[in-house]
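Trainee: Please read through the structure below; I'll follow up with questions.
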Amino acid sequence: MDKKKTALIMVDMLNDFVTGALKCDRGLAIVPHCKTLIEGLREKGVPVIYSNDAHLKGVDHELKFWGEHAIAGTKGAEVIPELSPKEGDYVVDKRRYSGFFHTSLDLLLRELGVDTVILGGLHTHMCVRHTAADAYMLGYNVVVASDCTDSFTKEDYEYGIKYLKDTYGATVLTSKEILDTLN
Ligand code: ZN
């Protein structure tokens with residue numbers, strides 16, 4: 001992996017997904033790994049992009065299905081304090097599962113000269129999966145940070161990882177492997 005052509009997309013590590021409305025213990029458990037990866041990549045000059053749910057209350061149809069969560073402008077829609085964005089990071093809001101759907105994420109990646117995206121965050125089989133789908137269809141290589149993503153259950157996580165490998169040819173690496181191999 002060429003660090004000049006790679007970016008991290010950290011999906012939905014928000015208060016509502018980790019400790020709030022849709023909290024899950026498995027989400028909390030990956031936080032230290034996410035922190036190591038984010039900090040290591042920043043040090044290497046790799047762009048860190050947060051892809052964050054920012055729903056419009058009473059508008060977004062996803063809310064009917066999942067209940068109210070990550071409403072734009074609320075505490076629940078903020079990145080968890082342990083991983084909060086720093087100067088030089090990018091934040092791209094989304095209103096659907098995919099970080100690309102009607103957002104400027106593709107434009108940002110193109111302007112940064114990126115051809116490979118590392119995906120982490122929540123949940124492996126949903127928002128990470130849909131973001132991987134669009135990344136793949138737009139021509140990006142997909143890498144998944146296996147210890148920096150999870151789902152509500154172990155089964156959903158394993159299914160998600162398998163789907164990403166089988167369908168998008170995703171390379172699955174731990175945060176340590178990513179930091180060791182990225183030059
Ligand atoms: Zn959502």
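Trainee: Among the residues of region 128-155, count how many are out of contact with any helix residue (DSSP H, G or I) (no Cβ under 9 Å at 6 or more places or on another chain) and within 23 Å of LEU22 (Cα to Cα).
Mentor: The total comes to 2.
Trainee: One residue is enough: does region 7-21 have a residue meeting the conditions touching a strand residue (DSSP E or B) at 6+ places or on another chain (Cβ under 7 Å) and open to solvent by 60 Å² or more (accessible area, probe 1.4 Å)?
Mentor: No, because not a single residue in region 7-21 is touching a strand residue (DSSP E or B) at 6+ places or on another chain (Cβ under 7 Å) and open to solvent by 60 Å² or more (accessible area, probe 1.4 Å).
Trainee: Related question: Quickly run through region 56-80 and pick out the residues that are buried (at least 17 other Cβ atoms within 10 Å of the Cβ), within 10 Å of the ligand (Cβ to nearest atom) and not in a loop (DSSP other than H, G, I, E, B).
Mentor: Selection gives LEU63, ILE71, ALA77.
Trainee: Any residue at all in region 26-49 that's within 20 Å of VAL91 (Cα to Cα), acidic (Asp, Glu) and touching a Gly at 6+ places or on another chain (Cβ under 9 Å)?
Mentor: No, region 26-49 has no match at all.
Trainee: What helices (runs of 4 or more DSSP H) completely inside region 81-183 contain at least 1 residues that are modelled with pLDDT under 95?
Mentor: Result: 175-181.
Trainee: Inside region 20-32, can you point out the residues that are over 15 Å from SER175 (Cβ atoms) and away from the ligand (no atom under 16 Å from the Cβ)?
Mentor: Listed by number, the residues that qualify are ASP25, ARG26, LEU28.
Trainee: If a residue has to be surrounded by fewer than 24 Cβ atoms within 10 Å (Cβ to Cβ), in contact (Cβ under 8 Å) with a residue 24 or more places away in the chain and not charged (D, E, K, R) to count, how many in region 128-138 make the cut?
Mentor: 4
Trainee: Somewhere in region 89-98, is a residue of a type in the set (A, V, I, L, M, F, W, C), open to solvent by 50 Å² or more (accessible area, probe 1.4 Å) and within 12 Å of the ligand (Cβ to nearest atom)?
Mentor: No, every residue in region 89-98 fails to be of a type in the set (A, V, I, L, M, F, W, C), open to solvent by 50 Å² or more (accessible area, probe 1.4 Å) and within 12 Å of the ligand (Cβ to nearest atom).
Trainee: Right, another one. For LEU41, indicate whether it is assigned to a helix (DSSP H, G or I) and either among the charged types (D, E, K, R) or buried (at least 20 other Cβ atoms within 10 Å of the Cβ) (or both).
Mentor: When the stated conditions are applied, LEU41 passes them.
The values are calculated or read from the model by the stated rules, or taken from the named source; none is laboratory data. This one's a predicted model, so the numbers in the text were calculated from it and none came from an experiment. Positions of Cβ are generated from backbone atoms using ideal geometry, with glycine treated the same way; all protein chains shown enter the neighbour counts. Areas reflect the complete protein model, heavy atoms only, side chains present, ligands, DNA and RNA absent. Shrake-Rupley method; radii C 1.70, N 1.55, O 1.52, S 1.80 Å.
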